[in-house]
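Before any comments, here is the structure.
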Amino acid sequence: MKILNLYACLGGNRYKWDEVRDDLEITAVELDPEASRLYRERFPNDRVIVGDAHQYLLENYQEFDFIWTSPPCPTHSRVRMSQKNKDSFIPMYPDMKLYEEIIFLQHNFKGGFVVENVVPYYEPLIEAQKRGRHLYWASFNLPYNINERKSVNWARIKDEITAWSVFHDYDFRQYKGNQRTDKMARNLVDYQVGKVILETFLGIEPENIEQRMLF
């Protein structure tokens, strides 16, 4: 089974896929060279491409059975828009590549796909499946609960990067690139979400989802 993992970052969504099937051929596309390097170290059997995920999708979508894409979310974010009354706020157009990919996949791709993004500050332009704090545009119906893992207990936290490293089972201090490490850690897809969604596409009944609160 061939999977395309776009805007792959450090592979949060991909982390548990090998537990679902052992015959996966995964191609990951990530623009950040440092994140790509760490992804390759984490998943040495995957094919990793440093490049433009949006363009790669257009040129190569027919080669795959399943596509996951998580386009950049900041220009759609409620969190960013909540800062608009600050002097430092700079208005930006929402990045419409998100909707370009949704429409493209809906009308051109015959396999399974998931487009993941945040719940935006505006009414979504295309109806999506809302699960938790995220929206999913998918070629199949997702379970109502795709993740019950509890996040960081911020009231008791002492070290944010350590907390996220434990939660995602990855040491974010390895990253030496230009992105903010704390932001990368917060935005990484929960691995249990990625696992449940792939299982659902394959018709596998998800197991009971682990629950835990850090610190």
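Each reported figure results from applying straightforward, stated rules to the coordinates on display, with no laboratory input. Remember, predicted model here, so these are calculated numbers, not experimental data. As a convention, Cβ positions derive from the backbone with ideal geometry for all residues, glycine included, and neighbour counts pool all protein chains shown.
On full extension, the segment bounded by E63 and E123 gains 18.3 nm, given 0.36 nm per residue less the C-alpha separation. Its Cα centre serving as origin, the chain has a Cβ charge dipole (Lys and Arg +1, Asp and Glu -1) of approximately 900 debye. Total lysine pairs in the chain at Cα distances under 17 Å, for residues eight or more apart or on different chains: 6.
The loop-placed trypsin sites (Lys or Arg not before Pro) in region 52-149, going by DSSP, that have at most 11 neighbouring Cβ atoms within 10 Å of their Cβ come out as K84, K86, K110, R133.
Every Cα-Cα pair of the chain was included, and the share exceeding 33 Å stands at 12 percent.
Among V20, V114, sorting on how many other beta-carbon atoms sit within 10 Å of each Cβ, with the fewest leading, yields V20, V114. In plain terms, the residue of I3, I126 with the fewest other Cβ atoms within 10 Å comes first and the most crowded comes last, giving I126, I3. Ignoring the sites themselves, the chain has its longest run without GluC sites (Glu not before Pro) in a DSSP loop having at most 13 other Cβ atoms within 10 Å at 1-126. Report the Cα centroid-to-centroid distance between region 1-41 and region 71-128 in angstrom, as an integer. One Cα centre to the other: 22 Å.
Only Cα pairs under 8 Å and 6+ residues apart enter the sum, and on that basis the relative contact order of the chain stands at 23 percent. In plain terms, the residue of D169, D18, D190 with the fewest other Cβ atoms within 10 Å comes first and the most crowded comes last, giving D169, D18, D190.
Among A53, I67, T162, whose Cα projects farthest towards the positive end of the dipole of the chain, with charges put on the beta-carbon of Lys, Arg (+1) and Asp, Glu (-1)? Looking along the dipole axis, the top candidate is T162. Fully extending the segment from D171 to R47 would add 42.5 nm, taking 0.36 nm per residue of separation and subtracting the current Cα-Cα distance.
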